[in-house]
Amino acid sequence: MRYAQTRNKVMDLTKKIKKSVIDLNTIPEVELLKVRICDLPIQIEGAWLEECIQTLYQELEAKGIVFKPPCYLADEWLTPERETCIGIPFYLANPRLIQIEKKFMQEAEGGTKEWCMKLLRHEAGHAICYAYKLNQRSQWQKLFGLPTEEYGETYKYQPYSKNFVRHLEGYYAQYHPDEDFVETFAVWLTPELNWKARYKGWRAIQKLDFVDQLMAGIKGKKPLTSSARKFWRLSTLRITLQNHYRKRRLSLAEEFPDFHDGFLRKAFVEPSLDTTKKAAVVSVMEKYRNTMIDSISEFSGGKKYLINDVLNHMEKRARELRLEVRDDEAVTILKVTGYVTALIMNYFYTGHLGRKKETKM
């Protein structure tokens with residue numbers, strides 16, 4: 001027993017020493033990517049996240065909700081099913097890691113205070129729902145649906161539906177009954193948002209009124225359960241940053257060597273004997289890349305890293321085919337933006353950018 005205790009103390013001390021010698025401000029990126037996530041010298045205390053979490057607690061307290069979901073660093077935004085705690089992506093605990101996240105994933109989800117607060121309110125809705133077992137109530141299920149409904153890999157949504165509130169991008173309230181509730185809760189919780197006026201005439205107002213009554217019913221009451229097992233917490237993430245990002249990109253993106261040839265050959269032209277100078281497709285796409293990514297992401301709800309990957313594949317193939325534009329830049333960008341938006345929308349509905357290829361048996 002004494003040996004085991006001594007060994008554990010030595011291991012803990014070793015971890016602390018490892019973390020103490022890593023300076024995230026000066027370590028070269030190539031070396032940083034070799035570091036295991038669990039060895040990163042980061043914590044919520046003292047980081048800008050701490051202020052965001054305290055703001056969340058103040059918002060809950062102002063509404064009379066005494067329960068304050070504990071927060072911890074994890075591999076992504078999450079509230080473990082039936083648990084009452086909130087996992088926050090580890091990279092948000094340090095500016096250097098936020099930069100790394102943006103480099104590999106094109107954006108750092110929750111990387112601004114406004115964005116972070118939106119996600120905290122969303123996850124708090126999950127934690128409070130579990131803490132007070134709200135989704136077990138018949139009226140909850142009548143309004144939002146059955147919480148036992150399976151989460152699909154993708155979901156279909158109606159962009160103009162007024163049955164759901166709009167909080168997070170991608171019309172996330174339409175994903176699942178649980179998400180419908182927590183998005184409604186997040187809107188209800190947001191300070192200085194006059195939801196009664198904002199959603200006047202919408203059917204979603206019924207859900208907001210219900211949440212208002214529901215929260216009044218638990219005002220000042222302790223939660224029915226406080227189970228807060230912190231799954232996928234920082235100390236369990238023994239993968240290096242490099243492998244972490246490699247796995248994320250491989251699991252969420254597709255490879256397609258000549259996937260875009262049909263569109264590219266139809267929209268653009270190959271070099272000819274025509275002496276009229278034409279711009280290369282690649283140069284135009286590179287010029288407007290950031291604008292296209294932002295626009296496609298805004299209107300499709302797609303992740304920027306995926307859109308960026310699609311554009312990378314298109315540019316690579318256009319370069320190989322030596323394609324040139326035949327229209328002015330505005331028309332060219334309109335064509336590319338429309339095409340990629342359609343692909344991303346298809347990805348939402350089917351889990352694939354295009355039609356799934358049949359495999360011969």
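The values are calculated or read from the model by the stated rules, or taken from the named source; none is laboratory data. All of these numbers come straight from a predicted model, not from anything done at the bench. Here the Cβ positions follow ideal geometry from the backbone for every residue, glycine too, while neighbour counts run over all protein chains shown.
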Which one of these does LEU252 not meet: (1) modelled with pLDDT of 90 or more; (2) of a type in the set (A, V, I, L, M, F, W, C); (3) within 30 Å of GLY87 (Cα to Cα)?
(1)
For the range 123-136, which positions are touching a Leu at 6+ places or on another chain (Cβ under 8 Å) and of a type outside the set (Ser, Thr, Tyr)?
GLU123, ALA124, GLY125, ILE128, ALA131, LYS133, LEU134
With the requirement that a residue be within 23 Å of GLU81 (Cα to Cα) and in a helix (DSSP H, G or I), what does the range 228-243 give you?
LEU234, SER235, THR236
Do we have any residue at all in the range 59-67 that's assigned to a loop (DSSP other than H, G, I, E, B), of a type in the set (Lys, Arg) and modelled with pLDDT of 95 or more?
yes
Residues of the range 76-125 being within 19 Å of PRO223 (Cβ to Cβ), assigned to a loop (DSSP other than H, G, I, E, B) and not polar (S, T, N, Q), which ones?
PRO80, GLU81, ARG82, GLU83, CYS85
What are the residue pairs meeting all of these: first residue in the range 155-168, first residue touching a residue at least 24 places away in the same chain (Cβ under 8 Å) and under 14 Å from THR184 (Cβ atoms), second residue among the polar types (S, T, N, Q) and surrounded by 14 or more Cβ atoms within 10 Å (Cβ to Cβ), Cβ atoms under 7 Å, and 6 or more apart or on different chains?
PHE164/GLN174; VAL165/THR184
Quick check on the range 224-245. Is at least one of its residues small (Gly, Ala, Ser), modelled with pLDDT of 90 or more and exposed (fewer than 15 other Cβ atoms within 10 Å of the Cβ)?
yes
Just to be sure I understand the filter: pairs with C-beta atoms under 7 Å, separated by 6 or more residues or on different chains, first member in the range 134-154 and assigned by TED's automatic domain parsing to the domain that holds ASP209, second member at pLDDT below 95 and among the polar types (S, T, N, Q). Which pairs pass?
THR154/THR350
Please list, ordered by first then second residue, the pairs with beta carbon atoms under 7 Å, 6 or more apart or interchain, first in the range 47-71 and of a type in the set (D, E, K, R), second not in a helix (DSSP H, G or I).
GLU50/ILE44; GLU59/PRO191
Of everything in the range 284-310 that's free of Cβ contacts under 8 Å to residues at least 40 places away in the same chain and more than 20 Å from the chain's Cα centre (by Cα), which residue is farthest from GLU270 (Cα to Cα)?
ARG289
Taking the range 286-332 as the region of interest, how many residues are of a type in the set (D, E, K, R) and part of a loop (DSSP other than H, G, I, E, B)?
5
